[in-house]
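These notes concern the structure reproduced below.
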Amino acid sequence: MTFIAKEIFFVLLFTTVIVSGRIHKLPLMDDERHYVDLTTFGFFQGGVLDVRMINFMLPSGPVVGEYGFTLDRTVNDAINPYLEAHSDTCFLKESDNSIVSPQHPAIVFLKMDFKNSRLNITCKGEVTALHLYQNRTVIPTDRTKRQSQYLFINRRRRAAIGFYNIEKTYVTQCSNAVLPITKETRNGFDYYNTSFAMYVASDKEEGLYNLYFHNCPGKDNSPTVNVMLEIYESNDGNFLSAGEMPLPALYSMMSIIFFLSAGFWTFILKTSTHTVYRIHIIMCILVYLKALSLAFHGINYHFIQTRGEHVTTWAILYYITHLLKGAVLFVTIVLVGTGWNFIKHILADRDKKLFMIVIPLQVVANVAEIIIAESEEGAAEHNAWRDLFIFVDLLCCGAISFPVVWSIRHLQDASSTDGKAAINLRKLKLFRHFYIMVVCYIYFTRIIVSVLKILVPFQYSWIDEMFREMATFVFFVMTGYKFRPAAANPYFTPNQIDDVEPQVLSDIGVLEGVTRISNREKKRDDMQPLMQETNYNSD
């Protein structure tokens with residue numbers, strides 16, 4: 001428990017420091033990466049992206065290398081194939097039109113020209129009615145004025161570049177557009193500042209936008225990057241991405257469903273005339289934790305939606321319940337799989353060792369998941385935590401299947417050796433069903449959800465979360481149904497059919513009731529928990 005408490009404290013401290021919702025502040029300190037994935041956000045009509053580069057520090061003198069941004073529009077959350085295939089080359093220097101595809105129909109390049117103190121803008125693909133401004137404060141509030149100009153640029157260059165023509169569909173003068181860069185020199189270093197804002201004026205410009213920062217080394221290699229980036233994303237006052245807008249309502253609805261299910265399970269346990277085991281109570285606690293986690297998650301998303309940032313209290317409550325729910329879920333699966341409290345009341349050494357592995361792994365996986373969800377995409381540690389989460393989560397999911405496999409193997413042996421084949425075969429069938437349920441739950445909530453996230457259009461990316469929550473609910477319901485308190489449940493049926501009659505040793509009073517058990521009924525210690533049941537309440 002001490003380990004879990006320390007991990008919870010670490011997550012709360014870490015996420016409270018770096019999280020700022022959809023209004024991002026990302027410091028890049030001595031960063032050597034060639035490109036940084038700053039943000040991915042789905043914009044509807046009326047959406048605004050505002051980026052500010054503050055104190056980009058370079059040694060005074062001629063600038064070595066090239067720096068800039070790219071903004072590409074995609075139809076779903078698939079990884080940009082060009083950047084993955086050309087991570088060691090300078091994307092800003094590429095001019096091959098093949099980088100534009102139906103999945104990536106539009107790319108905007110914003111290259112820093114330090115010599116002329118300007119940000120040069122070029123475009124590729126079907127960039128329809130590009131609306132760029134120096135910052136979001138100068139975006140006209142009147143929508144008719146928004147359609148009256150094609151590009152915002154500094155006043156000195158408007159006449160040379162031209163204005164928006166309503167009859168045009170594609171950009172024709174994007175390569176001539178510029179925005180200003182300011183410079184300040186202090187202590188032998190030059191500090192550069194610039195900003196740009198994009199306004200989504202029509203449904204043709206809607207999509208999932210990916211913003212990258214590029215560091216292209218020169219002949220002698222460029223210096224490391226030191227800069228503060230502030231990013232503002234909004235969908236006409238809504239700070240959630242297009243695919244995240246239904247999430248507050250989805251989490252709230254699923255929270256109500258889980259609360260009602262937990263109440264129904266509590267009613268079953270209270271009114272049951274059959275033995276209620278401790279594992280039943282743990283299952284009930286799990287459902288309540290799941291409901292609370294979803295409730296706090298929905299409230300957390302609501303404040304991000306309206307304010308662009310977390311309310312710390314609700315965020316911390318969500319983190320605590322999320323960590324506890326994840327730990328209790330895997331503990332419950334392992335306890336049911338080992339037959340604890342149903343078939344045996346003491347865990348074997350092998351089961352205890354499994355808990356010593358699964359519980360820390362699950363805590364680490366939940367820590368990594370929270371950091372991935374709440375940290376900035378462009379942070380250097382973000383990808384490392386993502387890789388760690390995938391590895392640990394799969395390892396943990398694989399580990400929880402072992403106790404079920406062990407139980408199945410022992411029941412197979414017992415069904416043919418101990419003379420209680422009928423009961424053990426029924427239990428074996430139930431264990432196999434539970435094993436299939438666990439595998440399906442892991443498969444659907446890990447693999448299928450990831451595939452859906454890549455395949456569905458950007459505005460429907462919330463479907464993967466709905467699928468995950470529904471799969472979890474079905475798994476909970478089926479597990480509760482199969483292992484509910486019931487006399488007819490083979491999981492709780494005691495082995496009362498003995499194929500060997502006991503032999504009375506003596507009629508002497510002191511030995512009355514003492515019997516001899518045949519050697520064939522002496523079980524191995526490692527099979528004892530699965531072949532011998534008790535009919536008393538462990539509670």
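Throughout, read-outs are computed from the coordinates displayed, never taken from laboratory work. Because the structure is predicted, anything quoted here is derived from the model rather than measured. A quick note on method: Cβ atoms are made from the backbone with ideal geometry, for glycine too, and the neighbour counts reach across all protein chains shown.
Find the Cα radius of gyration of region 218-277, compare it with 2.2 N^0.38 Å by division, and give the number to two decimals.
Normalised Cα radius of gyration, region 218-277: 2.45.
First select every other residue whose beta carbon is under 12 angstrom from the beta carbon of Asp113; then total the charges, Lys and Arg +1, Asp and Glu -1.
+3
Could you give the length gained on full extension between Ser401 and Phe264, defined as 0.36 nm per residue of separation minus the Cα-Cα distance, in nm?
Length gained between Ser401 and Phe264: 46.5 nm.
Distance check, please: which entries in Lys124/Lys204; Lys352/Lys429; Lys93/Lys124; Lys429/Lys482; Lys290/Lys353; Lys93/Lys204 exceed 20 angstrom between their Cα atoms?
Distance filter (> 20 Å) returns Lys352/Lys429; Lys290/Lys353; Lys93/Lys204.
What is the distance, in nm, between label points placed 7 Å from the Cα along the Cα-to-Cβ direction at Thr313 and at Phe189?
Modelled inter-label distance: 4.0 nm.
Projected area of region 177-218, taken from the Cα convex hull and averaged over every viewing direction, in nm²?
5.2
Which of Tyr209, Tyr301, Thr224 sits closest to the plus end of the dipole of region 203-326, meaning its Cα is farthest towards the positive end, when Lys and Arg get +1 and Asp and Glu get -1 on the C-beta?
Tyr301
At R0 = 41 Å, how high is the FRET efficiency between Thr137 and Val451 if r is their beta carbon distance? Nearest 0.05 is fine.
0.50
Could you give the radius of gyration (one decimal) and Dmax (whole number) of the Cα atoms in region 253-321, in Å?
Values for region 253-321 (Cα only, Rg and Dmax): 15.3, 51 Å.
Charges at C-beta only: +1 for Lys and Arg, -1 for Asp and Glu. How large is the resulting dipole of region 213-285 about its Cα centre, in Debye rounded to 20?
Dipole of region 213-285, to the nearest 20 debye: 600 debye.
How large are Rg and Dmax for region 197-352 when calculated on the C-alpha trace, in angstrom?
When restricted to Cα atoms, region 197-352 yields Rg and Dmax of 23.8, 80 Å.
Can you tell me the length gained on complete extension of the stretch His433 to Asp203, counting 0.36 nm per residue apart and subtracting the Cα distance?
Difference between extended and current length: 77.9 nm.
Based on the mean of other Cβ atoms within 10 Å per residue, sort peptides 463-474, 262-273 so the most packed one is first.
In descending order of packing, they fall as 463-474, 262-273.
At Met470 and Asp349, where each label point lies 7 Å from the Cα along Cα→Cβ, what is the point-to-point distance in nanometres?
According to this spin-label approximation, the distance is 4.8 nm.
What is the gain in length, in nm to one decimal, between Phe391 and Met478 on full extension, counting 0.36 nm per residue of separation less the C-alpha to C-alpha distance?
28.5 nm
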